[in-house]
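This report refers to the structure that appears directly beneath it.
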Amino acid sequence: MNEIPILLSLPAEIREYIYKLILHPDANRQHHDDDYTSYDYKPALVLFRINKQIYLESRKIFRSLNTFVRIETPWPEARLHVAHEGHVPLLSAGPKAAKYAGHSMVVRIDAPEVPVEIGDEQMFLILMEDLDKFCKMWYYSNLSHPGLNPQLRLTLILRDPFTPEYEEKRMLKGLQRKLLLPFGMVRDLKSVILMGDPKPLPSIESELREQQAQPQESPEHCLSEAVRLKQLGNEELKKGNYTETLRLYSAAWLAIHVVIAGHKRHIHADRFFSRELRESPYAGKNGQTERLILRVQLVANTCQVYLKQQNYEECVFWGSRTINMLREAMGVNVQQATPEEEYVQEFPAADSLGKIYYRTGIAMRELDGKTEARRLLRVAVQYLPNDRPVHEALSSVSLRLG
């Protein structure tokens, strides 16, 4: 244990800096595929077991850097929904979460009209840093299921878990804002109750309720914003700024409530867009159809970016996912269907769909998948019969006689 005297011989501010490096959430966050994350504090918390002085010093830093929130809900499926679709890392769940007393807020979600048996409550812990993800997931759920939130009651209970009982409980205004205001995007609830010890500051409660009262942006606004971002991405594509192009395309997806996380794609708010639009330039059009057109255009453009980067694997992934979804929806047997049978007449975004087949076919050719490339390019010709590069690409993979 020769390291202990060395650590304790350092000035207090240096020791504090070291503790912050070790105990910060960023240092204990593990990154997985498709933008999923988790936390593992076990190596860092070895500090607590070295000796009493280091324990007391590092515990103070740990508490200042890590603020925990306990979610309570009567629905067992909520935990998986939050973790899978919301990409919210859960620190603990079940009995462990119920026993932990170091959380600074309880988020209780229930439906007053639905009776719940005692003991059916589901609990899990998250970090305050992930509250935005949690609330965004709830925001999308409300758009996808517009009749749900009017049945729900949200109770937010602030806690000061570390001040002794004989002292007045306290919580800095900045911390209250970080804990409460993410819920400003959660709207249309049956009721919202704020309470706790200490009590939420009236100014922050007013700000939260004002945010929750804001009207939802219309489908027309979402579509227009996605078009704007896509066009900005197209401009960057012409300049060869591929990283910025993909960032703008990702923002365009998000504008129409499609979350892209690595190779995962979560499509939200179908019911939100499923209506006749009333605002220009979409008046009289169907919201889902307009969103479908945008989705296909964004996939086609994304494939083009990856082709220019010579990242053929990503091009094939993006293009094939759309093509396979369409084949499945149409009941197409790839091995038996002719190009004419796979071709979908009157498709709302026919040109863009043809480009997806074409660009995916080019990428397959570059990956030496000539058989599949030939199949894709034959379909591309059906969509883009007058496009010379498509015909030339098909010729490059055609079977030769003699």
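Data overview
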item	result
Residue count, the stretch 188-210 (criterion: closer than 15 Å to residue 174 by Cα, aliphatic (A, V, I, L, M) and assigned to a loop (DSSP other than H, G, I, E, B))	1
Identity of the residue in the stretch 91-106, in contact with a Phe, Trp or Tyr (Cβ under 8 Å, 6 or more places away or on another chain) and of a type in the set (A, V, I, L, M, F, W, C), that ends up farthest from residue 155 (Cα to Cα)	91
Residue within the stretch 384-395 that is under 18 Å from residue 322 (Cβ atoms), without any contact (Cβ under 8 Å) to a residue 60 or more places away in the chain and not aromatic (Phe, Trp, Tyr) present	yes
Test set (1) in contact with a Phe, Trp or Tyr (Cβ under 8 Å, 6 or more places away or on another chain); (2) surrounded by fewer than 17 Cβ atoms within 10 Å (Cβ to Cβ); (3) in the same structural domain as residue 127 (by TED's automatic domain parsing) - residue 75 fails condition number	(1)
Index of the failed condition, residue 177 passing every other in (1) modelled with pLDDT under 95; (2) part of a helix (DSSP H, G or I)	(1)
Any hit, the stretch 223-234, residues being closer than 28 Å to residue 286 by Cα, assigned to a loop (DSSP other than H, G, I, E, B), out of contact with any Asp or Glu (no Cβ under 6 Å at 6 or more places or on another chain) and of a type in the set (Asp, Glu)	no
Leading residue by the ranking (nearest to residue 219 (Cα to Cα)) among those in the stretch 259-277 that are part of a strand (DSSP E or B) and modelled with pLDDT under 95	267
Verdict on residue 31 being closer than 30 Å to residue 15 by Cα and either under 15 Å from the mean Cα position of the chain (by Cα) or at pLDDT 95 or above (or both)	yes
So residue 35, is it over 30 Å from residue 318 (Cα atoms) and either touching a Gly at 6+ places or on another chain (Cβ under 7 Å) or acidic (Asp, Glu) (or both)	no
Helices (runs of 4 or more DSSP H) contained in the stretch 278-369 and holding at least 2 residues surrounded by 15 or more Cβ atoms within 10 Å (Cβ to Cβ) and of a type in the set (Val, Ile, Thr)	287-308, 312-330, 350-366
Single condition residue 234 does not satisfy, out of (1) touching a residue at least 60 places away in the same chain (Cβ under 8 Å); (2) crowded, with 18+ Cβ neighbours inside 10 Å	(2)
Residue selected from the stretch 91-115 under the condition over 18 Å from residue 192 (Cβ atoms) and part of a loop (DSSP other than H, G, I, E, B), by the criterion modelled with the lowest pLDDT	115
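Here's the yes/no breakdown for (1) of a type in the set (Ser, Thr, Tyr); (2) farther than 19 Å from residue 159 by Cα; (3) assigned to a helix (DSSP H, G or I):
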| site | (1), (2), (3) |
| --- | --- |
| 86 | no, yes, no |
| 89 | no, yes, no |
| 125 | no, no, no |
| 134 | no, yes, yes |
| 138 | no, yes, yes |
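The values are calculated or read from the model by the stated rules, or taken from the named source; none is laboratory data. Note that the coordinates shown come from a computational prediction; the quantities given were computed from them, not determined experimentally. Here the Cβ is made from the backbone with ideal geometry for all residues, glycine too, and neighbour counts use every protein chain on show.
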